[in-house]
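I have placed the structure first, in the form of structure tokens, so that the comments after it can refer back to it.
The values are calculated or read from the model by the stated rules, or taken from the named source; none is laboratory data. Please read these numbers as outputs of a predicted model, since none were measured by experiment. Please note: Cβ atoms are built from the backbone with ideal geometry, for glycine as well, and neighbour counts cover all protein chains shown.
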Amino acid sequence: MYYYDVVPLGQRLFKPYTYKYEQKLEVGQRVVIDLRGKFVQGLVYRESNTPEILKIKDIEFPLDEKSYLNNSHIKLLERVCNYFLAPMGEIAKLFFPPASSDVYKLKIVPLNELAPFEKPIFYKDFLSLYKDNSTANKKLKELLSTNVVKLDLHKRSIRENKDYFVSLSMDLSEIWNFNLSKGARNVINYLSINGETLESELYEKGIINRGTTVLKTLHKKGIINITEDFLINSDEEKVDLTDEQKTAVDFIRTHDDKPHLLYGVTGSGKTEVFFEVGESVLEKGGKLLILVPEISLTSEIMSRLKKRFSKYKAAFYHSSLTSSERVDTWYKAVEGEIDIVIGTRSAVWIPIKDLKMIIIDEEHDQSFYQIENVTYDAIEVALFRKELENIQLILSSATPRVVDIKKAKDDEMYLETISSRYFSEMPDVEIIDMKKEEKYNWIFSKKVISSIKNVVAKNKKVIVFTPTRGYANYIVCSECGYIFKCENCDVSLTFHKKERKLVCHYCGNEQPLSNFCPRCGGFKLQSRGYGTERVLTELTKLFPSEPIVRVDRTVIKSFEDLKNTFSFMKEPGRKIIVGTKMITKGLDIKDLDLVVILDSDRYTHLPDYNAKESTASLIMQVAGRSGRKEKGKVLIQTFDSDNEIYQAAINHDYTLIAEKELEQRSIYKYPPFTKLFLIMINNNKMDKVKSISQDIINELEKVIEKQQVELLGPVTPIISKLRGNYRLQIILKVYQHDTNFLLPIVEKFDKDIKVYFNPPTTIL
């Protein structure tokens, strides 16, 4: 008999449980175990010495035929749990694909006529036969013990999704002699402009829909070629690197002992640098993992990758894929069948076979820190993987996190700087002081409107950025001052005029706008502030004949919406694009001539230790969308024109902000000069929140006397109520390396708290 410590996957448990099995299992192998009367997946964490306890449950059976995790992955699990004070069961689950669509599924097989069903059924379906899971599991135990049924594994096949290259095989003058459908004409137009293209790209960009016979028909008529190989020599996809790019490539190739911070201004060709470095890795048989903050960027990079590295297999991994698609990608990656995985935050956990390099693009983005569910920072996880698995790591950004700039200063990272754009100039940045500037209306200055008019007259594009969505930030009664607020959250409701509804952008609560004030009955309701919907409405009045597109989470509800909108935005010709942060993330539009930034003061004075860094990063990233091909212009409206953030933006000098920010954080003891823990206490009763908070304070005071710790709170956060729960927060600044003294307290109060370690913001 063999004994193992097993971590139940997905459970908020901080320690493994001991189980036994009659056969030898591998550490890292998944198994099915009985946890409190329910069958769940578990991870064999380590072998255990023969315990003295007699009553030890059996492992039901192995789920995997072998372990997909090696010793480095187990160490990564331990390190992340200790670092973020996170439940081991939750972190262990992240290494694997969605369990609901895994290739293995638990099946219950009847052995005789006493079984309550005649044919094998899945465990999930068995549970539905009873009033609750507890009753179902009790019955299953009884059936198993009397040999009426047995458990088995159903394994589905993994799909082989091939991607083909599509190209025109005859001149356009000949093609138009054919009687073609609209879909066929769309394909031909796209190929004539873009040349040879991957079949998947035609689907992703909405040129044709999946399942259509358009390509098959065109191929049958001899109008297009469909091949597995790229007909054009892949070398033609390469570009000539600048001297700065070449220097960065050479240095990264020859120095793999530390992570690299690739710090280049927007449009400097950082992507070409890590493509060039990645090519060396692929040629030697290694695999690449490329992380991006936004799903929209995966398609853009994939398109470029497949043309550059046509002989290598690449795949997506992100939450907008179906569970089955993610499972397929995961298994192929861990078996070494995929050369390049492009994904968002969750892809950092995939145990890719022969992984030799991780590249994190737009590393400044706060999306790499997971706030919901179990918390972790994907960049820190990648840093751990670099150390434990001896792989190369490149962090890339035009506005790097100040914590990483500090690491470069302390020689913990290599720093490669690219100070000029790739064969173009940085845009001119002009600050419009709204205290002095003549206004067109309360949203726009006259200069902004005339500049937009000039750009669209040149058949070029404009981006108008505003921080928030909706029509108005809130609705107020001008008679009594009542503000419409969310009943679940302590925030004002955003007004969406088109649907005439009020929406909470935190919990999703919606309600129609009343015609009168619920407090005083008055009818004088006024909208205050503005978002993308209001900006678009005003611009439509001013430019009724111009194509205007809105990009925010209200109108972009799916990955398909996102791809189609971005594809439309990139089509040549004049357009006015109104959007929120979604348009800041790596978007490259060749004929974008002007960027306008509205309401830029919204973030500059937030009560957050990270406010200056995140605001400077946001403004410079938005500004950086302008003039990628020809020199562009950026207009920033502000009531605080002397703020040093705007002076840095004019000079495209993010380093100025980073240096000053590091000085301030050193004085006031914030990361990277201390470890910051934010403990959020949640409960639907305020008295309970206060009671739990005091209990935590009492426990902390017992241990922090011997530690180098500063305790702040409990205090009420900016949002005192969220999704029906009242909240208080406690902040700990820990000035020592060891934080394990906090783990027993976190474990004790786990049901009522959420712990964030070095969060990118304290406004949670």
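Remark: pairs (first residue in the range 487-507, under 15 Å from residue 764 (Cα atoms); second residue modelled with pLDDT of 90 or more and small (Gly, Ala, Ser); Cβ separation under 7 Å; 6+ apart in sequence or on different chains) = 490/720.
Within the range 377-396, is even one residue among the aliphatic types (A, V, I, L, M), part of a loop (DSSP other than H, G, I, E, B) and at pLDDT 95 or above? Can you show your working first?
Applying the first criterion (among the aliphatic types (A, V, I, L, M)) to the range 377-396 yields 378-379, 381-383, 388, 391, 393-395.
From what's left, part of a loop (DSSP other than H, G, I, E, B): 391.
Now narrow it down to the ones that are at pLDDT 95 or above: 391.
Looking through the range 377-396, at least one residue is among the aliphatic types (A, V, I, L, M), part of a loop (DSSP other than H, G, I, E, B) and at pLDDT 95 or above.
Given the structure, is residue 705 more than 23 Å from residue 13 (Cβ to Cβ), in a helix (DSSP H, G or I) and either free of Cβ contacts under 8 Å to residues at least 60 places away in the same chain or touching a Lys or Arg at 6+ places or on another chain (Cβ under 6 Å) (or both)? Here the answer is yes, as residue 705 does meet what is asked.
Restricting to the range 359-395, what's the tally of residues that are hydroxyl-bearing (Ser, Thr, Tyr) and surrounded by 22 or more Cβ atoms within 10 Å (Cβ to Cβ)?
At the first step, the residues of the range 359-395 found to be hydroxyl-bearing (Ser, Thr, Tyr) are 367, 369, 375-376.
Applying the additional criterion that residues be surrounded by 22 or more Cβ atoms within 10 Å (Cβ to Cβ) yields 376.
The qualifying residues number 1.
Restricting the first residue to the range 253-268 and requiring it to be surrounded by fewer than 16 Cβ atoms within 10 Å (Cβ to Cβ), which pairs with a second residue that is outside any loop (DSSP other than H, G, I, E, B) meet a Cβ separation below 7 Å and a spacing of at least six or different chains? Short answer, once both residue conditions are applied: 253/277; 253/280; 255/414. Screening 65, 22 for residues that are farther than 26 Å from residue 318 by Cβ, without any contact (Cβ under 8 Å) to a residue 12 or more places away in the chain and not aliphatic (A, V, I, L, M) leaves exactly one candidate, 65.
Just to be sure, is residue 320 surrounded by fewer than 20 Cβ atoms within 10 Å (Cβ to Cβ), in contact with a helix residue (DSSP H, G or I) (Cβ under 7 Å, 6 or more places away or on another chain), small (Gly, Ala, Ser) and in a helix (DSSP H, G or I)?
Details: surrounded by fewer than 20 Cβ atoms within 10 Å (Cβ to Cβ): yes; in contact with a helix residue (DSSP H, G or I) (Cβ under 7 Å, 6 or more places away or on another chain): yes; small (Gly, Ala, Ser): yes; in a helix (DSSP H, G or I): no.
When the stated conditions are applied, residue 320 does not pass them.
Given 743, 700, 764, which one is closer than 26 Å to residue 378 by Cβ, outside the structural domain of residue 365 (by TED's automatic domain parsing), in a helix (DSSP H, G or I) and in contact (Cβ under 8 Å) with a residue 12 or more places away in the chain? First the steps, then the outcome.
Details: 700 fails: closer than 26 Å to residue 378 by Cβ; 764 fails: in a helix (DSSP H, G or I).
Checking each option against the conditions leaves just 743.
So which residues in the range 653-669 are crowded, with 20+ Cβ neighbours inside 10 Å and not acidic (Asp, Glu), if there are any at all?
654, 657, 658, 665
Among 522, 481, which is assigned to a loop (DSSP other than H, G, I, E, B), out of contact with any Gly (no Cβ under 7 Å at 6 or more places or on another chain) and without any contact (Cβ under 8 Å) to a residue 12 or more places away in the chain? Within the list 522, 481, the selection yields 481. Considering the range 555-576, the residues that are surrounded by 18 or more Cβ atoms within 10 Å (Cβ to Cβ) and in contact with a strand residue (DSSP E or B) (Cβ under 7 Å, 6 or more places away or on another chain) include one that is modelled with the highest pLDDT, namely 576. Taken over the range 274-293, the criterion of being touching a residue at least 12 places away in the same chain (Cβ under 8 Å), surrounded by fewer than 20 Cβ atoms within 10 Å (Cβ to Cβ) and either at negative phi or touching a Cys at 6+ places or on another chain (Cβ under 7 Å) (or both) is satisfied by 279, 280, 282, 284, 286.
Note on the range 708-753: among residues that are charged (D, E, K, R) and more than 20 Å from residue 607 (Cβ to Cβ), the one that is surrounded by the fewest Cβ atoms within 10 Å (Cβ to Cβ) is 751.
In summary, helices (runs of 4 or more DSSP H) completely within the range 541-658 and bearing 2 or more residues that are more than 24 Å from the chain's Cα centre (by Cα) and not assigned by TED's automatic domain parsing to the domain that holds residue 367 occur at 644-650.
Go through the range 275-301 and give me each residue that's within 16 Å of the chain's Cα centre (by Cα), in a helix (DSSP H, G or I) and among the β-branched types (Val, Ile, Thr).
From the range 275-301, those within 16 Å of the chain's Cα centre (by Cα) are 289-301; that's our starting set.
Adding the requirement that they be in a helix (DSSP H, G or I) leaves 295-301.
If the condition is that a residue be within 16 Å of the chain's Cα centre (by Cα), in a helix (DSSP H, G or I) and among the β-branched types (Val, Ile, Thr), then 295, 298, 301 are the ones that fit.
Here residue 36 clears all of (1) over 19 Å from residue 74 (Cα atoms); (2) in contact (Cβ under 8 Å) with a residue 12 or more places away in the chain; (3) not small (Gly, Ala, Ser) except the condition numbered (2).
For the range 642-655, the condition holds for no residue, the condition being that it is acidic (Asp, Glu) and modelled with pLDDT under 90. Residues to consider are 304, 326; find the one that is touching a Phe, Trp or Tyr at 6+ places or on another chain (Cβ under 7 Å), part of a helix (DSSP H, G or I) and of a type in the set (D, E, K, R). Among 304, 326, only 326 is touching a Phe, Trp or Tyr at 6+ places or on another chain (Cβ under 7 Å), part of a helix (DSSP H, G or I) and of a type in the set (D, E, K, R).
For the range 43-66, a tally of residues being under 19 Å from residue 330 (Cα atoms) and either modelled with pLDDT of 95 or more or aliphatic (A, V, I, L, M) (or both) returns 2. Screening residue 124 against (1) surrounded by fewer than 17 Cβ atoms within 10 Å (Cβ to Cβ); (2) at pLDDT 90 or above; (3) closer than 30 Å to residue 345 by Cα leaves a single unmet condition, (2). Of the helices (runs of 4 or more DSSP H) lying entirely inside the range 30-148, the ones with 1 or more residues being more than 25 Å from residue 746 (Cβ to Cβ) and in contact with a strand residue (DSSP E or B) (Cβ under 7 Å, 6 or more places away or on another chain) are found at 123-127, 133-145.
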